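Structure, as structure tokens:
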């Protein structure tokens, strides 16, 4: 009886949301997006969309989001926003990082992406426009994916820092004590698989349309590139999200190697006290700034 009542409640809530949504004016961007989506469906197979479409989305989004941080190093004005000012980026380091990134993308991640089509077929995930959820429902599911991934990342990331494991896998990612955007996915292939598994858990549990795959990868890449950027921008809208870790939180992890293990949010570090050194450092820096004024 309780299960039936829950289904009725969710159904009623969904109908209410749809009714309210029908009263709102149509988004002017919806028609061009609909036309582009229908063109894609008419001209490409599901396998091509799920495989090559997902690869293109990942590569374009990754390097597009990395571009601002890359350009910041050539803009003197942006130097004041760099967190570790005494450790500038180097061409050698960025080139080494890029080569490893491309290897991981095409020899580790691409084989996994090739399984996307079979995943959508097995779970009957729709591609059509008619069953595409509203943007806010997709955003809500992406938030659920972020919470799940953050939980997985905290505990597995913390495990990778264990003294018996660290030097074999996670040490590669910490080669750069001052991170920069493109370094976000610079990691040992095993780490790419271990920590990357958290990305797929939410997809398995929450995916209701192929658009969620691309929406979630966009949000996840935006977050991980931001926290690895090496720059703290006060006007960054992500910093206004409640409990968002941000670049200073993760930059300290690279500088200190201990603590701040979460990927997106701060609550797991706060619950287990693994952010104590970070908060002590922040207070120390505030005291130093007051004395130097």
Take segment 69-91 and flag every residue that is surrounded by fewer than 15 Cβ atoms within 10 Å (Cβ to Cβ) and more than 14 Å from residue 179 (Cα to Cα). 71, 74, 75, 76, 77, 79, 80
Test: residue in segment 96-113 that is assigned to a loop (DSSP other than H, G, I, E, B) and more than 26 Å from residue 265 (Cα to Cα): no
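Residue-by-condition table, conditions (1) touching a helix residue (DSSP H, G or I) at 6+ places or on another chain (Cβ under 7 Å); (2) farther than 26 Å from residue 272 by Cα; (3) surrounded by fewer than 16 Cβ atoms within 10 Å (Cβ to Cβ):
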{"position": "206", "(1), (2), (3)": "yes, yes, no"}
{"position": "212", "(1), (2), (3)": "yes, yes, no"}
{"position": "216", "(1), (2), (3)": "yes, yes, no"}
{"position": "246", "(1), (2), (3)": "yes, no, no"}
{"position": "256", "(1), (2), (3)": "yes, no, yes"}
Restricting to segment 78-118, give me the number of residues that are under 19 Å from residue 202 (Cβ atoms) and free of Cβ contacts under 8 Å to residues at least 12 places away in the same chain. 2
For residue 158, the lone unmet condition from (1) touching a residue at least 24 places away in the same chain (Cβ under 8 Å); (2) in contact with a helix residue (DSSP H, G or I) (Cβ under 8 Å, 6 or more places away or on another chain); (3) surrounded by 15 or more Cβ atoms within 10 Å (Cβ to Cβ) is (2)
Residue 112 under 20 Å from the mean Cα position of the chain (by Cα) and modelled with pLDDT under 95: yes
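The values are calculated or read from the model by the stated rules, or taken from the named source; none is laboratory data. Fair warning: this is a prediction, and the values are worked out from it, not measured in the lab. Cβ coordinates were reconstructed from backbone atoms using ideal geometry, including for glycine residues, and neighbour counts include every protein chain displayed.
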